[in-house]
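Only the coordinates and a few stated rules stand behind these numbers; no lab work does. Since this is a predicted model, take the numbers as computed values, not measurements. Note that we place each Cβ from the backbone using ideal geometry, even for glycine, and neighbour counts take in every protein chain shown.
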Amino acid sequence: MEKKSTLIKRTAEEWIEFGDEAFNNGDYETAFQYYKNAIMENSSSPFAYFKAGNSLSMLKKWQEAIKYYIGTITLDPTFSFAYYKKGLCHLELLQINDAIKDFTTAIELNPNFNLAYFRRGYCLYIVKKFEEAIQDFTKAIELDPNYAQAYIYRGNCYFHLQNHNQAIADYDKAIELNPSDPKVFISRGVVNLKLGQYKEAIGDFTLAISIDDKNYLAYNYRGFCFNQLKQYDLAIEDFEKVISLKSDFTDAYNNIGIAYVGLKQFDKAIEYFDKAIELNPKSATIYFNRGNANLQLKNYVEAIIDYDKAITIDPNYAYAFYGRGQANYVLEQWRDALRDYSKAIALKPDFINAYIARGNVYLKMKHLKKALEDFTTAIELDPENPIPYLNRAIAYRSDNIFSYAAADFNEFLRLYRKEDRLAEKVRTWIRNMGYAPEY
């Protein structure tokens, strides 16, 4: 590096040229020193301050860079790009409000500054002001119709606003503009996943993997879709790939556990839930999942311990209360089960299975009226669900109200539409009460 010398007098312009050469060669520390020399020769040069700030930005020295951008703006208050660059530094420091102010000033100075619109939109996106962010991304697109990133983030905003069709339209456009970006395929896949269009989502995640076969998120999402489609072996294969790429990714272990539950290999599932908990001991969901596996293995005490832990972490976890209720029900702890089901219903008033389960507890406790009320509520919530009709029929039959019981048993058969041992048993019950099965 050529240092400032009293023997060789350099002008500010020459120091800037030296700085530019070092900067272009990626030697940002040396570039910064040259630009500082330029400032010493001409302290009224906004470009010297600006370029010094750029060097510091490349070195990720955000706070120091901000000082030089302030120097630029002090010398030239109309330097819109200096406001933009200062905004980027604030963004890196997560000083979002300051970043928004800088991008806004840059836009005021240059209303056609598409990068500033995009960055301000990005800041608004971070703070979840999605409608305002959409306006900025739309403006960036108007100024540059080929701005793929603007389409992606506008699509993300639409996704968060649950405008899924518009989100997909934006992702489609981004893919048209830049088909080599795996992230946009993942984004579109997530929308399809959210819509329950798992096969379409798998197609998107597979395309992302074809572009970047080291993208663990694409494998994880695809595995999730396979789980939803009950293609558990394929799901496990994807999740194992995730672990090979990122061994500390908790979701992959949890998701493999879910796949093994689907395969009814509950001991194996617990092994993976254990590992997931080791990585993230503050996840209520993982304790809940392990509780479910223990419940299936008839490890009722262990299941209750897991549900307790899930509830401690998340006191509003309705499904954990329901799960604990199931364990207490099997253990014939009727009052504890009743308490748990009631809490699940309080947290989730449309929880059909909790009403059915609580109705069964009331039936065990000989509270027929309350049992009938719960089964009826479940029917009102989902008139096409056969199970609450079956339970209500059993309740009526227990009190010798045979006409009502027969009507509910027949309604169960109409909705059940299966020919199995349960259907035949229900027909036998109807005949034993002196009525004829209608289905």
**Study point:** Residue among ASN178, ILE141, ALA259 farthest towards the positive dipole end of the chain, charges placed on Cβ
**Key:** ALA259
Review point. Which angle from 0 to 90°, rounded to the nearest 10, does the C-alpha axis of helix 62-75 make with the longest principal axis of the chain?
Key: 50
**Study point:** Inter-part distance where the stretch 367-439 and the stretch 157-232 are each reduced to a Cα centre, Å
**Key:** 43
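What size of dipole, in debye to the nearest 20, comes out for the stretch 1-95 about its Cα centre when the only charges are +1 on Lys and Arg C-beta atoms and -1 on Asp and Glu C-beta atoms?
320
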Practice item. Round to the nearest 10 and give me the degree value, 0 to 90, for the angle of helix 114-126's Cα axis relative to the longest principal axis of the chain. Key: 40
Practice item. Would you work out the relative contact order for the chain, in percent, from Cα pairs under 8 angstrom that are 6 or more residues apart? Key: 4
Practice item. Starting from the stretch 51-122, pick out the trypsin sites (Lys or Arg not before Pro) whose DSSP state is loop and whose Cβ has at most 11 other Cβ atoms within 10 Å. Key: LYS60
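For the chain, what is the mean residue ellipticity at 222 nm derived from helices alone (per DSSP H run of n ≥ 4: -39500 (n - 2.57); sum divided by total residues; nearest 500 deg cm²/dmol)?
After summing the helix terms and dividing by the residues of the chain, the value is -24500 deg cm²/dmol.
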Check your understanding: Which loop trypsin sites (Lys or Arg not before Pro) in the stretch 179-246, with loop taken from DSSP, have no more than 12 other Cβ atoms within 10 angstrom of their Cβ?
Key -> LYS214, LYS230
Check your understanding: Relative contact order (percent) for the stretch 163-280, with alpha-carbon contacts under 8 angstrom and 6 or more residues of separation?
Key -> 16
Practice item. May I ask which residue of TYR439, ALA423, ALA378 lies farthest towards the positive end of the charge dipole of the stretch 340-439, with charges of +1 (Lys, Arg) and -1 (Asp, Glu) on Cβ and the Cα centre as origin? Key: ALA423
Check your understanding: What is the extension gain from LYS194 to ALA346, computed as 0.36 nm multiplied by their sequence separation minus the C-alpha to C-alpha distance, in nm to one decimal?
Key -> 52.1 nm
Review point. In the stretch 196-259, what GluC sites (Glu not before Pro) fall in a loop by DSSP, with at most 11 other Cβ atoms inside 10 Å?
Key: none
Review point. Got a sec to turn the phi values of the stretch 105-113 into Karplus ³J(HN,Hα) couplings, 6.51 cos²θ - 1.76 cosθ + 1.60 with θ = phi - 60°, whole Hz, x for Gly and Pro?
Key: 4, 4, 5, 4, 6, 9, x, 9, 7
Point to revise | Extreme residue, positive dipole direction of the chain, given options HIS160, ALA31, LEU331 (C-beta unit charges) | key: LEU331
Review point. Which whole-Hz couplings ³J(HN,Hα) result when phi for each residue of the stretch 320-330 is put into the Karplus expression 6.51 cos²θ - 1.76 cosθ + 1.60, θ = phi - 60°, listed in order with x for Gly and Pro?
Key: 5, 5, 4, x, 5, x, 4, 5, 5, 5, 5
Practice item. For LYS364, go through the lysines and keep the ones whose alpha-carbon is under 26 Å away, minus same-chain ones fewer than eight residues off. Key: LYS298, LYS343, LYS348, LYS425
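Relative to the compact-globule scaling 2.2 N^0.38 Å, provide the ratio for the alpha-carbon radius of gyration of the stretch 367-439. Intermediate results must be reported in sequence, preceding the final value.
Values: Rg = 11.4 Å, N = 73, 2.2 N^0.38 = 11.2 Å.
Here the Cα radius of gyration is 1.02 times the empirical estimate.
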Revision key, fill the gap. Surrounding charge for PHE226, neighbours by C-beta under 15 angstrom, Lys/Arg +1, Asp/Glu -1, total -3
Point to revise | Lys, Arg +1 and Asp, Glu -1 on Cβ, resulting dipole of the chain about Cα centre, debye, nearest 20 | key: 1420
Review point. Which whole-number percentage describes the relative contact order of the stretch 325-439, with Cα contacts under 8 Å and a sequence gap of 6 or more?
Key: 15
Review point. Using Cα atoms only, what is the angle between the long axis of helix 284-296 and the major principal axis of the chain, expressed in degrees (0 to 90) to the nearest 10?
Key: 30
